[in-house]
1. For segment 333-345, enumerate the residues that are touching a strand residue (DSSP E or B) at 6+ places or on another chain (Cβ under 7 Å) and either free of Cβ contacts under 8 Å to residues at least 40 places away in the same chain or farther than 20 Å from D97 by Cα (or both).
2. Please go through segment 72-83 and give me each residue that is surrounded by fewer than 23 Cβ atoms within 10 Å (Cβ to Cβ), at pLDDT below 95 and over 30 Å from S117 (Cβ atoms), ordered by number.
3. So if I check each of E86, E129, which one is modelled with pLDDT under 95, crowded, with 22+ Cβ neighbours inside 10 Å, of a type in the set (D, E) and part of a loop (DSSP other than H, G, I, E, B)?
4. In segment 89-111, what residues are more than 19 Å from the chain's Cα centre (by Cα) and either of a type in the set (A, V, I, L, M) or not in a strand (DSSP E or B) (or both)?
5. So, L297, is that one in contact (Cβ under 8 Å) with a residue 12 or more places away in the chain, closer than 16 Å to P350 by Cα and more than 19 Å from the chain's Cα centre (by Cα) or not?
6. Tally the residues that are modelled with pLDDT under 95, farther than 25 Å from F164 by Cβ and buried (at least 20 other Cβ atoms within 10 Å of the Cβ), restricting the search to segment 240-265.
7. Taking D306 as the residue in question, decide whether it is closer than 28 Å to L136 by Cβ, assigned to a strand (DSSP E or B) and under 18 Å from the mean Cα position of the chain (by Cα).
8. What residue, among those in segment 267-303 that are aromatic (F, W, Y) and assigned to a loop (DSSP other than H, G, I, E, B), is farthest from W330 (Cα to Cα)?
Amino acid sequence: MLATKAILALAIGAGVAAAADKPAKHAPAAAPASKNTPASGTKIPTGVKLNDADAKPFMLDSHSYNGLRSDDQFGYLFTHFTSTDEQVYWHLSDGDDPLNFSPLNHAKPILRNNLGSKAARDSFICKNEFTGKTYLIANNQSLISPPQDYQAAYIQNYTGIVVFEAKNDLLTEWSAPHLLPIAPKDSLHVFAPECISDPAKKQVLIHWSGATARDQTQRIYGAYTTDFHSADKPFLYFTDGPNGVGDMTLFKLNFAKDNAKNSSYVRFYRSDADKYAVRGQISDNGLFGAWRDILPLNKSDPVTIDPNTNNQGPLVYKTHRKDQDEFLIWVKDAGDGYEAYETENIRMLPYTRKTAPYFPQNFEQGQVIGLCRKQYDAIKAKFYNSGRRRRGIRLDELVGLADVA
């Protein structure tokens, strides 16, 4: 097996914003039977495999530009929200450094949503590899307006998400937002939406953490779309028996040995059975394949990314190293925001905790994508505030910085 170095960052929610993605204390309920539902215990990765066969100068993968030549890859973009403002914020990497970032647009929102609850939490960028169009989707449920705790947000009866469409491949111009209904009519909430192109169906799979009036245990639901203006009938995508699961992220692996079949994925998710810790799984035969747990070499070691509990919001992205495949994984810690982990073998635990002087601190759930050089330069030219190049500033520093013109 090809040695693979990966950095994983898991985000743990802090304060009110973190509460929005924690599981509610409902009694476990059996999931309704569905022919579309994988067997209990299967789990799915969050990542979109992008194909650059169209010979475009740059193609966006939801996590990295797998279709680009290695010399085109440069820089990373972190999209997220804050605990005091549920809009779309961006950080840009310090050059091609995958761990050190600077706030963009004077730490003000890049995109604002004025529809529904007017929130745009948990932002996620993905490209429909079959049409070439890029979208940013987000959670439309607000915990700030009006102020409410997680239990109240859990039963807001939301069925849709917010969608922005990129007007160019540089990601510098975006459409006005629109709402897209995706969940069952008796949906209680739609948290942490993500999407990935499914080569088997030639459509994009949108998946999210949800619950219904019939089954109030949080599970992963899915629905297919081709244009992000309508979606097919929702279905139960992943369940862990009576245990709640949430914040699932899928990623298409780009190991050399997988190029022929093009079907290996990794996924990370919050496991309620493990006291809200983050676990990982691997499938070598597609999004609906046989998922197996990522386990430690030493059976006595923890089976979760972070040995501590109360984690959520995992994200994963591929770095641009030329000498080997390398991935970063972030996990959100309720106390300190995101934590980063690195591994030379994403298929086996444990991963190694990483720190960096300008690693983003105390920001809420989102995603990191790899960029190409043209995108990095265009984003930096439009949104980077050179007079205030303060990388990785903490959330409590944003108040003063946001007012700088």
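The values are calculated or read from the model by the stated rules, or taken from the named source; none is laboratory data. Note that the structure is predicted; figures quoted are calculated from it, not measured. Quick reminder, even Gly has a Cβ in these numbers, built from the backbone with ideal geometry, and neighbours come from all protein chains shown.
1. Initially, segment 333-345 is screened for residues touching a strand residue (DSSP E or B) at 6+ places or on another chain (Cβ under 7 Å), giving 333, 337-344.
D333 - this is the single residue of segment 333-345 that is touching a strand residue (DSSP E or B) at 6+ places or on another chain (Cβ under 7 Å) and either free of Cβ contacts under 8 Å to residues at least 40 places away in the same chain or farther than 20 Å from D97 by Cα (or both).
2. If the condition is that a residue be surrounded by fewer than 23 Cβ atoms within 10 Å (Cβ to Cβ), at pLDDT below 95 and over 30 Å from S117 (Cβ atoms), then D72 is the only one that fits.
3. Numbers: E86 fails: modelled with pLDDT under 95.
That would be E129, the only listed residue that is modelled with pLDDT under 95, crowded, with 22+ Cβ neighbours inside 10 Å, of a type in the set (D, E) and part of a loop (DSSP other than H, G, I, E, B).
4. Once the filter is applied, which keeps residues that are more than 19 Å from the chain's Cα centre (by Cα) and either of a type in the set (A, V, I, L, M) or not in a strand (DSSP E or B) (or both), segment 89-111 yields D94, G95, D96, D97, L104, N105, H106, A107, K108.
5. On the way: in contact (Cβ under 8 Å) with a residue 12 or more places away in the chain: yes; closer than 16 Å to P350 by Cα: yes; more than 19 Å from the chain's Cα centre (by Cα): yes.
Against the criterion (in contact (Cβ under 8 Å) with a residue 12 or more places away in the chain, closer than 16 Å to P350 by Cα and more than 19 Å from the chain's Cα centre (by Cα)), L297 qualifies.
6. Total satisfying the criteria: 5.
7. Working: closer than 28 Å to L136 by Cβ: yes; assigned to a strand (DSSP E or B): no; under 18 Å from the mean Cα position of the chain (by Cα): yes.
In short, no.
8. Residues of segment 267-303 that are aromatic (F, W, Y), as a first pass: 268-269, 276, 288, 291.
When the remaining residues are screened for being assigned to a loop (DSSP other than H, G, I, E, B), the result is 276, 288, 291.
Numbers: Y276: 15, F288: 24, W291: 21 Å.
Only one residue tops the list, namely F288.
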